[in-house]
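What follows is a set of notes on a single structure, which appears directly below.
Coordinate-derived values only; no laboratory data. Source: prediction; values computed, not measured. Ideal geometry is used to build each Cβ from the backbone, glycine not excepted, and the neighbour counts take in all protein chains shown.
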Amino acid sequence: MPFTDVIIIGSGLAALTAATRLAEDKYVKIITKDKATTCNSILAQGGIAAAISPTDTWQDHYEDTLQAGAFHNNTSHVKLMVKTGREYVEQFIHNGLSFDKDEKGTIHLGREGGHHKRRILHAGGDATGKCFIDFLHDKLLDSISIVEQEEAVELLIVNNRCVGVKTRTLNNSFSYHYAEHIVLASGGCGALYSFTSNAPTIVGDGLALAYRAGATLADLEFIQFHPTMLYVNGHVKGLISEAVRGEGAFLVNQAGKRIMQGIHKLEDLAPRDIVSQTIHQAILQGEKIYLNISKVKDFQERFPTIAKNCKHHGINLSDGLLPIVPGAHFLMGGVQTNSKGQTSVNKLYAIGEVAHTGVHGANRLASNSLLEGIVFANRLADYILQTPSSCKKSFMYIDEETTKPRDLSTLPSVDTIQNMMMKYVGITRSEQGLHQIIEWFESFHLSSIIHAKPEQHTKSEWQVINMITAGWLIATSALKRTESRGSHFREDYPKENNKAWRRHYIQRQRQEMLARILS
Ligand code: SIN
């Protein structure tokens, strides 16, 4: 068994892009808690944004990214993303990834919220993420090792250096994996909420792992709600891509009145925070909201995945009305990184949604997530490939002595956490509601939760422990930000406060918990 150079935790687009590049010269191991194909990237419908049209420029893409992000973005990282992203997309095309084309054989560019131009490349109609993932799996073949169904439960830290990861195996034993570089690519936290577009496994455990390991996290209060989840019998049944609105669909209430007219100049293609907020307010007034697709040309051919899902859930497409609600979709914050993916912990890196590169500001521009994934995965790969290997010594991580397990039998259920997050840290927030959920989280002995050891808990308890950790971090960050900006809307502070808060990142570190215990 060769020494592993790079461990990547997660198996989405950022993970596979980095793995493909690194496999040229390094032994790479991907560790994923489910199947290699269970990830958010595979669910991405709309596409990938890149200014490839002759009538578009990276400067226009840059402007739209900042506007959608409420000018909270890290501007140099945005510039890097929109400029080099276009080149990486062209490289994918050159290497054989096939995007959808129009009748003339030119790549068809879709449009989504916040974009002033058509610049979304898509594949398989509305299956862009799946096409990317299949393409990269084919490229990787047997060049890396993939460990499935092992959950990363602890990052192994020796003197502020990450040397590996402890995992829980399927038969509930623990395994230690060591490498020179450890990359977190575990996705965001949408499944902390009862209404979400995310895979059910995406509960923010990457955030909890990194926090426990002492890494710096930032901007956790910024959770994007996507305006249109298919909503059937009180449950969310999958995403309806914004690209559908890009092709002419629009939002109406039960009386057929268009709800986005007069709200924003881009109407139904306003940035997501604005559309979701408008729908949310209408629902609170007792309205039912629908996506009217009657004007979308060849709906079933252009959006085969969505059409199939709607039919599967008993929706009659010829009525032209799809019932929708907003759902948690994307975390703009995460583990803070520089432009090479380095975190505050030596040899620990983060890429994809779990990372906070700052490119999305307070609200991500549509279809910039796949772009961020490939750009920063490539930057990280460049960095690791150029870094001389240190001597391949093996580490022996000594576990801290475990204390007697605490009785956490009163832990809440996953559903209860998801409903609480939806109610108090959802599309609108207030000081009172945030205090309520924070006190609730803290009633589960928060310091024991943060310092818990996986050996003392079952797999399902551990999931709840991670959810409480991530939920508490999000709620306490949301309480600190006393303004409304992008996806973070505070009823008690409804305006932006540029002087106090613009580009002011709320950072979090486990050290704060130690201070809490000492004080
Ligand atoms: C969508 O297709 O609407 C989602 C794409 C994205 O999140 O950017």
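Counted over the chain, the DSSP beta bridges are approximately 70% antiparallel.
Among the chymotrypsin sites (Phe, Trp or Tyr not before Pro) within the range 461-508, not one is in coil by DSSP while having at most 16 neighbouring Cβ atoms inside 10 Å. Computed extension length for HIS264-LYS288: 6.6 nm, one decimal, from 0.36 nm per residue of separation with the Cα-Cα distance subtracted. Mean separation of Cα pairs under 8 Å and 6 or more residues apart, divided by the residue count, gives the range 277-336 a relative contact order of 41 percent. In whole Å, how far is the Cα centre of the range 293-349 from that of the range 52-69? If you average the Cα positions of each part, the centres end up 21 Å apart. In the range 67-107, which residues have a backbone nitrogen under 15 Å from the label point lying 7 Å from ASP134's Cα in the Cα-to-Cβ direction? Flagged as within label range: 96-101.
Under a model in which nothing but the beta-carbon of Lys, Arg (+1) and Asp, Glu (-1) is charged, the range 11-143 shows a dipole of about 240 debye around its Cα centre. Among ILE283, ILE42, the order by Cβ neighbours within 10 angstrom, fewest to most, reads ILE283, ILE42.
Remark: the Cα gyration tensor places the chain in the oblate category, a/c being 1.5 or greater and a/b not exceeding b/c. Pairs from the table (LYS117/LYS265; LYS237/LYS423; LYS29/LYS166; LYS104/LYS297; LYS79/LYS499; LYS35/LYS166) lying more than 21 angstrom apart at Cα are LYS79/LYS499. Each other residue within a Cβ distance under 14 Å of LEU434 adds +1 if Lys or Arg and -1 if Asp or Glu, for a net charge of -2. Dipole magnitude for the chain: about 600 debye, using +1 per Lys or Arg Cβ and -1 per Asp or Glu Cβ, origin at the Cα centre.
Taking trypsin sites (Lys or Arg not before Pro) in DSSP loop states with no more than 12 other Cβ atoms inside 10 Å as exposed sites, the chain has its longest site-free stretch at 105-256.
Ranking LEU473, ILE202, PHE132 by Cα position along the charge dipole of the chain, where only Lys, Arg, Asp and Glu carry charges on their C-beta atoms, puts LEU473 farthest toward the positive end. Checking every one of the chymotrypsin sites (Phe, Trp or Tyr not before Pro) in the range 213-254 against DSSP loop status and a limit of 13 other Cβ atoms within 10 Å picks out no site at all.
Listed by number, the DSSP H helices of the chain that run 20 Å or longer by alpha-carbon position along their axis and have mean Kyte hydropathy of at least -0.5 are 75-94, 369-386, 459-480.
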